[in-house]
1. Considering each residue of segment 475-521, count those that are open to solvent by less than 30 Å² (accessible area, probe 1.4 Å), more than 30 Å from L287 (Cα to Cα) and touching a strand residue (DSSP E or B) at 6+ places or on another chain (Cβ under 8 Å), and give that number.
2. Can you tell me which residues in segment 498-533 are closer than 18 Å to S482 by Cα and of a type in the set (A, V, I, L, M)?
3. Please verify whether segment 283-300 includes one or more residues that are in contact (Cβ under 8 Å) with a residue 60 or more places away in the chain, open to solvent by 30 Å² or more (accessible area, probe 1.4 Å) and within 19 Å of I41 (Cβ to Cβ).
4. When you scan segment 222-234, do you find a residue that is at pLDDT below 95, open to solvent by 30 Å² or more (accessible area, probe 1.4 Å), out of contact with any Asp or Glu (no Cβ under 6 Å at 6 or more places or on another chain) and not aliphatic (A, V, I, L, M), even just one?
5. Return the total of residues in segment 156-189 being over 28 Å from I234 (Cβ atoms) and either modelled with pLDDT of 90 or more or open to solvent by 80 Å² or more (accessible area, probe 1.4 Å) (or both).
6. Could you count how many residues in segment 65-95 are assigned to a helix (DSSP H, G or I), more than 22 Å from T110 (Cα to Cα) and among the charged types (D, E, K, R)?
7. Against the conditions (1) closer than 29 Å to S247 by Cβ; (2) in contact (Cβ under 8 Å) with a residue 12 or more places away in the chain, where does A400 fall short? Just the number, please.
8. Out of segment 117-148, which residues are open to solvent by 50 Å² or more (accessible area, probe 1.4 Å) and not in a loop (DSSP other than H, G, I, E, B)?
Amino acid sequence: MIEQASFTLRNRNPDVLTCIANLSNDEVFTPPELANKMLDILAETWAKEHNGENIWENKNIKFLDPCTKSGVFLREITSRLTNGLEKIIPNLDKRVDHILSSQIYGIGITRLTSLLARRSVYCSKSADGEHSIAKSLKSKDGNIWYENISHKWIGEKCKYCGASKSSFNRKDELDNHAYAFIHTENIKNEITKLFGEKMQFDVIVGNPPYQISDGGGTGDSAKPIYHHFIEQAISLSPNYLLMVVPSRWLKGGKGLDEFRDSMMSDTRIQILYDYENAKECFQGINLDGGVCYFLWNRQFKGKVDYIYKSMYGDVIKSQRFLKSKFSDKVIRDYRQLSILEKVAVKNENKFSDIVSSRKPYGIATDLFNDTKKYGYDSIPTKPFNNSMKIYGVKGNKGGAKRVVGYVDKKLIDDINNAEIKWKLFHSYAYTTTATVPPEIIVAPPNEVCTETFLRIGNFDSEKEALNCLSYIKTKFFRALLSYNRIQKNLSKSTFELIPMQNFSIAWNDKDLYEKYGLTQEEIDLIENNIKAMV
């Protein structure tokens, strides 16, 4: 039978959905193994809350993937239901038809992925095609819908996702599409229109697109959008929500502060798996900060079961609330909490108070690459009348090197402090997992930097600057920095967990461990995970 083949063929090696290439780092196909781990969590939770009932033996539960790409979640759910409902609906044809017409729903993120998802689920790119295993579905889309939705431009930005209008000014439909699930005023009404009834989904599961161009660049500069999918899904009031997303929201991410605060306060998050190394979940992509997936349970209220796997392979399990009294970010490794609590109890000023925002002197990173923008054919390499020494980088990403030049003082912001103060220049970006930063520059008066660096200081003397540098070089300092870091770009807020010190004296780890009363276990955690710095 064609139907039987559709559910046995995928068990052969290799499974085709393990072989397809990702669309990009933003739209990542979910490996079947990961999809099944997430569905196992759902099944285990359901059984605990429903007197041991097997969720796959329930013919009334409705599932939605609002951002389906390969269709892997819907395919695996269909397979599980096909086995689970065998006694309830013995006839295979009728059983499969019931599942696909009354239990499985999806929204494609592009035309291509909607076709791929239908092929995975219906065994045909058309739900009503000759070879489709969904005999009751009378439209080509079936229950996996896609439409080329337009962005809603308010000026140069999309009202719903924040995309840059200039980035989508193209003729190709596939380059211009907006994600249907998050581009609507009322998702409940749209769902009713799509599927022809007032739909209440029991389970929403998916792997949403991660980011979109907002005109500020790519990678760390692009705007996250996965949180919109989570918020929209929660607004549909499912019983359970399962999603896999980048872990950046735990500590940072452009425009994610409000979302993070909401998630940290939401006691309906029941289980959270957090992997510092994204390759634990997705091979072949690089996601700074890692990946996490979570189970949100509408009926649950309590501490989250948090399972964290570090870059070094340590698996740390804890049961706790995401919100803590000393940080507005999630502490991923539970072992770090006791250290941070001992620091917080001192109630000292934050080191971030002396860290600048981006572009500390108003000069962008492009100074040495786009010299004409600043009135030079090339940046002078020797001082001239009314000039100031400046540190920056020259070259393209990946091959950029530090350089030094001289510019007119009239280009420099904060000129008074620049002329008389000592400071430290700390790299704005470097490898996320590195605990030793690139060389920190000790800058005397009349020296400044581009936005390649964050400025630390200002200091009245060289001694103060050097004593501050001694503090930065301690493992204690860099441990606290790493606890608050999740992407390659640093900001003023990345230093918020680090306490201020008296820089009339130099610092070392022994003195800091003693000052904060760290136990040997806490000291070992720092010493074993933070490299020494010369």
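1. Result for segment 475-521: 1.
2. Once the filter is applied, which keeps residues that are closer than 18 Å to S482 by Cα and of a type in the set (A, V, I, L, M), segment 498-533 yields I498, M500, L512, L518, I523, L525, I526, I530, A532, M533.
3. Yes, that holds for at least one residue.
4. First, pick out the residues of segment 222-234 that are at pLDDT below 95: 222-225.
Those left that are additionally open to solvent by 30 Å² or more (accessible area, probe 1.4 Å): 223.
In the following step, the residues that additionally are out of contact with any Asp or Glu (no Cβ under 6 Å at 6 or more places or on another chain) were identified as none.
No - not one qualifying residue is present in segment 222-234.
5. Counting residues in segment 156-189 that are over 28 Å from I234 (Cβ atoms) and either modelled with pLDDT of 90 or more or open to solvent by 80 Å² or more (accessible area, probe 1.4 Å) (or both) gives 7.
6. Result for segment 65-95: 4.
7. If we test A400 against (1) closer than 29 Å to S247 by Cβ; (2) in contact (Cβ under 8 Å) with a residue 12 or more places away in the chain, just (2) comes out false.
8. Taking segment 117-148 and keeping what is open to solvent by 50 Å² or more (accessible area, probe 1.4 Å), we get 119, 125, 128, 130-131, 135-136, 138-140, 147-148.
R119, the sole residue that qualifies.
The values are calculated or read from the model by the stated rules, or taken from the named source; none is laboratory data. Note that the structure is a prediction, hence the values are computed from the model and not measured. Reconstructed Cβ throughout: ideal geometry from the backbone, glycine too, with neighbour counts over all protein chains shown. We work out accessible area using only protein heavy atoms, side chains counted, and drop any ligands, DNA or RNA first. Shrake-Rupley method; radii C 1.70, N 1.55, O 1.52, S 1.80 Å.
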